[in-house]
Amino acid sequence: MMLSTTTFKYLSFSLLILTALSACTGMPDGVEPVTGFDKSRYLGTWHEIARLDHSFERDLVDVTAEYSLRDDGAVRVINSGTDSTTGERKVAEGHAKFVGDDGTAHLKVSFFGPFYGSYIVFELDPDYRYAFVAGYNTNYLWLLARETNISEDIRKRFTDRAGDLGFAVDDLVWLH
């Protein structure tokens, strides 16, 4: 069976995400998930403002994460970004479930089968305008926002807080 180039790239993108997140649902030392989390307010589109780079996102710009509710109560996750070298839009679809109660922003995300990775919102604007997100260790970090522009105060707060938690903030890739 021959796979089209687009199908192959989609599967490769999804596999890379899976590999990076496979079965790791812990938390980095010092990172505490937000409590009082409201899943319904978190749904919708988020823009990636900054990240620690990994092969599954390398060269991607205009990166978004779209969250919606599935019929089974899990959260549908659609991550997409434009490959800056080819102009092709890459998309990966997965799902997320809460590790504990729905009011604690520690989720496990899967893009393939039974393999999950941590998604920990460790700071969240009261109006759900920006979120600081970590993975299972300090190699995974994102700053997400509802808009593509954020204030310098939020940027500084993000780098200061993440740096204090042991993330390599000098290696951040800033998209906006």
task = Determine whether Tyr140 is modelled with pLDDT under 95 and crowded, with 21+ Cβ neighbours inside 10 Å.
result = no
query = Does region 131-144 contain at least one residue that is part of a strand (DSSP E or B), closer than 19 Å to Gly30 by Cβ and of a type in the set (Gly, Ala, Ser)?
reply = yes
query = Do you know which residues across region 34-66 are in contact with a Phe, Trp or Tyr (Cβ under 6 Å, 6 or more places away or on another chain) and over 13 Å from Tyr130 (Cα atoms)?
reply = Arg51
query = What are the pairs, 6+ residues apart or on separate chains, where a residue within region 58-87 that is touching a residue at least 40 places away in the same chain (Cβ under 8 Å) has its Cβ under 6 Å from a residue that is exposed (fewer than 14 other Cβ atoms within 10 Å of the Cβ) and aromatic (Phe, Trp, Tyr)?
reply = none
remark   = Checking Asp62, Asp71 in turn, the sole residue that is in contact with a Gly (Cβ under 7 Å, 6 or more places away or on another chain) and either at pLDDT 95 or above or on the phi > 0 side of the Ramachandran plot (or both) turns out to be Asp62
request  = For Glu93, work out the one condition from (1) of a type in the set (D, E, K, R); (2) at pLDDT 95 or above; (3) part of a loop (DSSP other than H, G, I, E, B) it doesn't fulfil.
outcome  = (3)
ask   = In region 114-130, how many are modelled with pLDDT of 95 or more, buried (at least 21 other Cβ atoms within 10 Å of the Cβ) and either small (Gly, Ala, Ser) or over 15 Å from the mean Cα position of the chain (by Cα) (or both)?
value = 1
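The values are calculated or read from the model by the stated rules, or taken from the named source; none is laboratory data. The model shown is predicted, which means the values in this text are computed figures rather than measured ones. We place every Cβ from the backbone using ideal geometry, glycine too, and count neighbours over all the protein chains shown.
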